[in-house]
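For reference, the structure is listed below as C-alpha cells.
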Amino acid sequence: MAKFERDVEIDAQVEKVWQVLTNTAYWPKWFPGIDSIANAGEVAPGGTFEWVDDGQTGRGEFLEVVPFKKLVVLTQMGNDKDKHTFELRPTGGFFGLAADECKVEYKLDTLTGAGILGNFITGGNPKDALRVKKATTALRKLVESL
C-alpha cells in the first residue's frame, strides 16, 4: 500500500469547503480519475456511487463521514482500489482564531495487494503523486471561485 499526501490552504471557511467536497456533482471538476459520476447515494457511511474514467465504470463507497472534519472514500475499478482521505481544519487569523480559511489534508492510499515489489513500484509512482497535487489545486480553485 503506497500513500501520497498533500495539504492545501483554501481561502474559504470550512463549511464552504465541506459543501463542495461532499457535493458529488462537483467531483468531475476536481476528484482524481473521475470523468463523471452516477447513482450517488447519500454522503454517509455505506453510501455508494458509480463513476466513469476513460470510458470504464468503477464503484465507490463512503467509508467515513465526519461533518466539517473528515471524509473517507473508497474507489474501485476492477482490482484497483484507492482510499481517499480528506481532513479539514479551520485556519486563518492570529493563531487560527479568525477561522476564515481551511486547510485540507488529502491522503491517497493505493490499496495494491502486489506484495513488496508491487508496493515498491507504486510507492514511487509519480503519476499518483501528480494526481494528488492536481486534485488539491483543482479543489482550491473550485471552492475559491464559488
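Scanning for something among the aromatic types (F, W, Y), touching a strand residue (DSSP E or B) at 6+ places or on another chain (Cβ under 7 Å), surrounded by 14 or more Cβ atoms within 10 Å (Cβ to Cβ) and at pLDDT 95 or above, does region 28-42 turn up at least one residue? Within region 28-42, not a single residue is among the aromatic types (F, W, Y), touching a strand residue (DSSP E or B) at 6+ places or on another chain (Cβ under 7 Å), surrounded by 14 or more Cβ atoms within 10 Å (Cβ to Cβ) and at pLDDT 95 or above.
Each residue in region 3-13 was checked for being farther than 28 Å from L111 by Cβ and either surrounded by 20 or more Cβ atoms within 10 Å (Cβ to Cβ) or among the aliphatic types (A, V, I, L, M) (or both), and 1 of them qualify. The residues listed here are T112, T137, T85; of these, the one that is outside any strand (DSSP E or B) and at pLDDT 90 or above is T137. Counting only residues that are loosely packed, with under 12 Cβ neighbours inside 10 Å and not aliphatic (A, V, I, L, M), which one in region 43-54 is modelled with the lowest pLDDT? Among residues in region 43-54 that are loosely packed, with under 12 Cβ neighbours inside 10 Å and not aliphatic (A, V, I, L, M), the one modelled with the lowest pLDDT is D54.
Is it the case that region 57-72 has a residue that's more than 20 Å from V20 (Cβ to Cβ), surrounded by fewer than 17 Cβ atoms within 10 Å (Cβ to Cβ), small (G, A, S) and touching a strand residue (DSSP E or B) at 6+ places or on another chain (Cβ under 9 Å)? Within region 57-72, none of the residues are more than 20 Å from V20 (Cβ to Cβ), surrounded by fewer than 17 Cβ atoms within 10 Å (Cβ to Cβ), small (G, A, S) and touching a strand residue (DSSP E or B) at 6+ places or on another chain (Cβ under 9 Å). Mind checking which residues of region 5-60 are under 13 Å from the mean Cα position of the chain (by Cα) and assigned to a helix (DSSP H, G or I)? V17, W18, V20, L21, T24, Y26, W27, P28, K29, W30, listed by residue number. Would it be correct to say that K16 is in contact with a Leu (Cβ under 8 Å, 6 or more places away or on another chain), modelled with pLDDT of 95 or more, closer than 21 Å to K103 by Cβ and surrounded by fewer than 14 Cβ atoms within 10 Å (Cβ to Cβ)? When the stated conditions are applied, K16 does not pass them. Against the definition (in a helix (DSSP H, G or I) and modelled with pLDDT of 90 or more), how does T122 come out, yes or no? No.
Assessment of region 55-63 against the conditions (of a type in the set (F, W, Y) and at pLDDT 95 or above) yields at least one matching residue. Cβ-Cβ contacts under 6 Å between residues 6 or more apart (or on different chains), taken from a first residue in region 125-140 that is surrounded by 15 or more Cβ atoms within 10 Å (Cβ to Cβ) to a second residue that is in a loop (DSSP other than H, G, I, E, B), are listed as R131/P32; A135/P32.
The values are calculated or read from the model by the stated rules, or taken from the named source; none is laboratory data. Note that the structure is a prediction, hence the values are computed from the model and not measured. Here Cβ is always computed from backbone atoms with ideal geometry, including for glycine, and neighbour counts include all displayed protein chains.
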